[in-house]
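The values are calculated or read from the model by the stated rules, or taken from the named source; none is laboratory data. Computed from a predicted structure; not experimentally measured. Ideal geometry is used to build each Cβ from the backbone, glycine not excepted, and the neighbour counts take in all protein chains shown. Ligands, DNA and RNA are excluded from the accessible area calculation, which covers all protein heavy atoms including side chains. Shrake-Rupley method; radii C 1.70, N 1.55, O 1.52, S 1.80 Å.
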There are 2 protein chains.
Amino acid sequence: MDNLYIIKIGGNIIDDEGRLSSLLRNFASIKGQKILVHGGGKMATRMAEQLNIPQQMVEGRRITDAETLKIVTMVYAGYINKNIVAKLQSNNCNAIGLSGADADAIRSHRRISSLENVDYGFAGDVDNVNHNFIHYLLQQEIIPVLSPITHDGKGQLLNTNADTIAQETAKSMCSMYNVVLIYLFEKEGVLKDVDDDSSLISKITKSDYIKLRQQHIISVGMIPKLDNAFAALDSGVNKVIIGKAEKILQLIEGVAGTSIVNE
Amino acid sequence: MDNLYIIKIGGNIIDDEGRLSSLLRNFASIKGQKILVHGGGKMATRMAEQLNIPQQMVEGRRITDAETLKIVTMVYAGYINKNIVAKLQSNNCNAIGLSGADADAIRSHRRISSLENVDYGFAGDVDNVNHNFIHYLLQQEIIPVLSPITHDGKGQLLNTNADTIAQETAKSMCSMYNVVLIYLFEKEGVLKDVDDDSSLISKITKSDYIKLRQQHIISVGMIPKLDNAFAALDSGVNKVIIGKAEKILQLIEGVAGTSIVNE
């Protein structure tokens, strides 16, 4: 089976034009099959402010009311997605930008809240990734760029977490490819000491993870990322890599970042 | 060769949710190969107002400065395009929304002004339509929905006239399909008396057109549309139809609207 790299970038890179351009140049140069998944950034929040749309947060998640959904659809599936695609095209990478509605790429359902009196609004949890269509694009050497807007098949767009989209896409492609899922962020990877970039842990298996947690070495913010990484491995993903955006080519070569792997 | 219907809708339909939903339901029910091309609408103008971005017009065309380009990219390639696609999906039409950057679907160059001291800004004139890619989607029964945002291949998105996109796409598909280009608008079609819907001219050939113009029967606003229609026929398009959005199915059957055809 071919390798397939699924690479997720977040707001910290998207909001920095220089870092984004350099990341896209590196992404374009990756040989072989690849998919880019992007999140949002500050632009949606700024626009909501300028348009006087109040933003409500519950447990760190933005509540997507109808007006917020309009904005994130415009910014994520429109502005950010199309600018990334145009830049990749200029780097000789034949990218195609997709929301979940496009060719029914990612279908989701509206999130049901477990808290009483809390309505997440138009937030989507992924049901299905159209792996045949994505495989089909990859075979034509067309590189999917996935935005975090999905649909429910009944005409409703839904705001969806980009980490989840990366993970669900990774899982769904496992039967066809050796999938490597890469989360790019600010740090070198998983660190023993969050303030010391040289304290990188370069490889973590499940048993390592259990020990590291018992020793309270894993930072609280990293726990959900790692739980998700192991869940991805359990679903057939070959390897999960967490590391710095600037080192994407070294992450792929296995000479930077933290690799989360089976025993 | 198969028939291919290329159908263009403008702001008057896009701005009316009820008319748009009904049009999309009808579009979804058209048998055979089809492409939808959409323009903008009032939303971009409203957003520019709300965000205090002044809109400059030259000869009836909006000047696309950098801030306006951001807005039209968000609204046309994001909000309008993805909502149309999601609604088509809910009508069992496997649509895919595309800007010109996506899979290099439509490449353009920045418009050069013939007037001194006039800069059209980020307005694009079409150079090339990727007919192989569009053919390829159609073969997979995936229906392209084209937004009026294109790219120059060097990383720059460009605002492009939707009528032109429909026409250039029609021309480029002629070697593979019997192309029928349909412009939907407010009126029944070309009228002898613009105020009388029953004065429809149901068929116009080039020689008819010359006579009608000599008799000053064609309204001034209709002349550029008809000139473009005949240019499309000269480039190999089989037929151009102009008519009312509500009658799309009758337009296709040839029992409504004005057909512009070769002698």
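Quick check: convex hull of the Cα atoms in chain B, volume per residue, rounded to a whole Å³?
Values: hull volume 35.3 nm³, N = 263.
It comes to 134 Å³ per residue, whole-number rounded.
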(message) I need the phi-derived Karplus couplings for the range A:70-76: 6.51 cos²θ - 1.76 cosθ + 1.60, θ = phi - 60°, integer Hz, Gly and Pro marked x.
(response) 4, 5, 5, 5, 5, 6, 6
(request) Quick one: pull the percent of accessible area on chain A belonging to carbon and sulfur, 1.4 Å probe, ligands and nucleic acids left out. (result) 45
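Starting from the Kirkwood radius over alpha-carbon pairs of the range B:144-263, derive D by Stokes-Einstein at 10 °C in a medium of 1.306 mPa s and give it in µm² s⁻¹. Working shown, then result.
Values: Rh = 15.2 Å.
After rounding, the answer is 104 µm²/s.
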(message) Keeping all protein chains in the complex and leaving out DNA, RNA and ligands, what accessible area do you get for A:Arg19 with a 1.4 Å probe, in Å² to the nearest 10?
(response) 50
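If you stretched the chain out fully between B:Gln56 and B:Arg110, how much longer would it get, using 0.36 nm times the residue separation minus the C-alpha to C-alpha distance? Display every interim value, and only then the final one.
Working: separation 54, 0.36 × 54 = 19.44 nm, distance 1.74 nm.
Contour length minus Cα-Cα distance gives 17.7 nm.
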(request) Mind jotting down the distance between the C-alpha centroids of the range A:1-72 and the range A:165-182, whole Å? (result) 19
(request) Nearest 100 Å² is fine: how much accessible area is buried between B and A, summed over both sides, with a 1.4 Å probe? (result) 3000
(request) Give a residue-ordered list of calculated ³J(HN,Hα) values for the range B:207-224 (Karplus: 6.51 cos²θ - 1.76 cosθ + 1.60, θ = phi - 60°; whole Hz; x for Gly, Pro). (result) 5, 4, 4, 4, 5, 4, 6, 4, 7, 6, 8, 7, 5, 4, x, 7, 4, x
(request) Pop a pseudo-label 7 angstrom from the Cα along the beta-carbon direction at both A:Asp193 and A:Gln140 and give the gap in nm to one decimal. (result) 5.3
(request) Note down the accessible area of B:Lys247, probe 1.4 Å, to the nearest 10 Å². (result) 60
(request) Considering the convex hull of the alpha carbon atoms of the range B:29-159, report its projected area averaged over all viewing directions, in nm², one decimal. (result) 8.9
(message) Run the label-point distances for B:Gln215 please: 7 Å along Cα to Cβ, every other copy, nanometres, shortest first.
(response) 9.4
(message) Using a 1.4 Å probe on the protein heavy atoms only, what accessible surface does B:Ile80 show? Give it in Å² to the nearest 10.
(response) 10
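So what's the range B:90-133 giving for Cα Rg divided by 2.2 N^0.38 Å, two decimals? Write out the running numbers ahead of the final one.
Working: Rg = 15.3 Å, N = 44, 2.2 N^0.38 = 9.3 Å.
Ratio of Cα Rg to 2.2 N^0.38 Å: 1.65.
Of the beta bridges DSSP finds with both residues in the protein assembly as shown, what % are antiparallel, to the nearest 5? Display every interim value, and only then the final one.
Working: 28 of 86 bridges.
Here the share of antiparallel DSSP bridges comes out near 35 percent.
Express the C-alpha Rg of the protein assembly as shown as a ratio against the empirical globular expectation 2.2 N^0.38 Å, rounded to two decimals.
Numbers: Rg = 24.9 Å, N = 526, 2.2 N^0.38 = 23.8 Å.
That ratio works out to 1.05.
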(request) Mind listing the label-point distances from A:Lys42 to the same position on all other copies, shortest first, one decimal in nm, points 7 Å along Cα→Cβ? (result) 3.4
(message) Over 32 Å between Cα atoms: which of A:Lys70/A:Lys203; A:Lys31/B:Lys42; A:Lys34/B:Lys239; B:Lys70/B:Lys225 fall into that group?
(response) A:Lys70/A:Lys203; A:Lys31/B:Lys42; A:Lys34/B:Lys239
(message) Please compute the modelled spin-label separation between B:Lys211 and B:Val118, points set 7 Å along Cα→Cβ, answer in nm with one decimal.
(response) 3.6
